[in-house]
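The values are calculated or read from the model by the stated rules, or taken from the named source; none is laboratory data. Everything numeric here is computed off the predicted structure, so don't read it as measured data. Cβ atoms come from the backbone with ideal geometry, glycine included; neighbour counts cover every protein chain shown.
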Amino acid sequence: MPCRDTVATGLAIGLFFAVMPVPMQMIFAGVIAMRFRSNVPIAMAACWLSNPVTNVPIWAFQLVLGNWIQSLLHLPMPEILGMQKHLPGVGMVHAGTFILGALASGLLLALLAFPLVHLLALLMPQHLPVRPHKAEKVSAFMRKIRAQREARRQARE
C-alpha cells in the first residue's frame with residue numbers, strides 16, 4: 001500500500017527525470033525509484049509531464065533559468081559545450097546554461113514534490129497513510145547488539 005513517503009519520493013524522482021532532456025525518461029525514473037524503494041508507478045507517471053506539447057515551454061524555461069543562474073553566480077561556461085547564440089525573448093543560448101537550467105528545474109520540481117504530497121495527505125489522510133513502523137523487522141546485527149547489551153547488563157547485576 002502506498003504511503004506518504006514512498007509517493008513523495010516517487011513523485012520527486014519522476015518530476016526530476018520529466019524535465020531532463022534525455023530519451024527513455026520513464027525507464028530511468030523507474031529504475032531509480034526501485035533503487036530508492038519508492039512508488040514506481042508514480043515515478044513513471046510523473047514523467048508524462050514532458051510530452052511534445054510541453055517540451056518547448058519547458059526547454060525555454062530551462063534556458064531562461066540557466067541564463068539567470070549563470071549571470072547571478074557568474075559561472076564560466078566550458079567551451080566544449082558549444083558556441084553561444086542569441087534568441088529573441090530567451091537571451092543567450094549556450095548548451096552549458098541549458099544543462100544548468102535543466103538540472104536546476106529538475107531539483108526545484110523534486111523538492112516541491114515533498115510538500116505537495118504531504119499537503120495532499122493532510123487534506124485526504126485516508127488515501128495516503130503514514131508509513132507503519134515494523135518493529136519485528138530487526139536485522140540480525142541489531143539483534144546481536146541487543147543481546148550483547150542485555151548480557152552485559154545481567155553480568156553487572
| said: For the condition of a type in the set (K, R) and in contact (Cβ under 8 Å) with a residue 40 or more places away in the chain, what is the one hit in R4, R35? | reply: R4
| message | If L63 meets every condition in (1) out of contact with any strand residue (DSSP E or B) (no Cβ under 8 Å at 6 or more places or on another chain); (2) at pLDDT 85 or above apart from one, which number is that one? | response | (1)
| Is it the case that region 65-77 has a residue that's touching a Cys at 6+ places or on another chain (Cβ under 9 Å), crowded, with 16+ Cβ neighbours inside 10 Å and within 18 Å of L103 (Cβ to Cβ)? | no
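Which residue, of A121, A135, A147, is surrounded by fewer than 13 Cβ atoms within 10 Å (Cβ to Cβ), at pLDDT below 90, small (G, A, S) and in a helix (DSSP H, G or I)?
Of the residues listed, the single one that is surrounded by fewer than 13 Cβ atoms within 10 Å (Cβ to Cβ), at pLDDT below 90, small (G, A, S) and in a helix (DSSP H, G or I) is A147.
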| query | From the set of residues in region 92-118 that are at pLDDT 90 or above and small (G, A, S), which is farthest from W59 (Cα to Cα)? | reply | A113
| note | Taking region 1-39 and keeping residues within 23 Å of G101 (Cβ to Cβ) and in a loop (DSSP other than H, G, I, E, B) leaves V19, M20, P21, V22, P23, M24
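Does region 27-57 hold any residues that are over 17 Å from the mean Cα position of the chain (by Cα) and aliphatic (A, V, I, L, M), and which are they?
Quick first cut of region 27-57, residues over 17 Å from the mean Cα position of the chain (by Cα) only: 51-57.
If the condition is that a residue be over 17 Å from the mean Cα position of the chain (by Cα) and aliphatic (A, V, I, L, M), then V53, V56 are the ones that fit.
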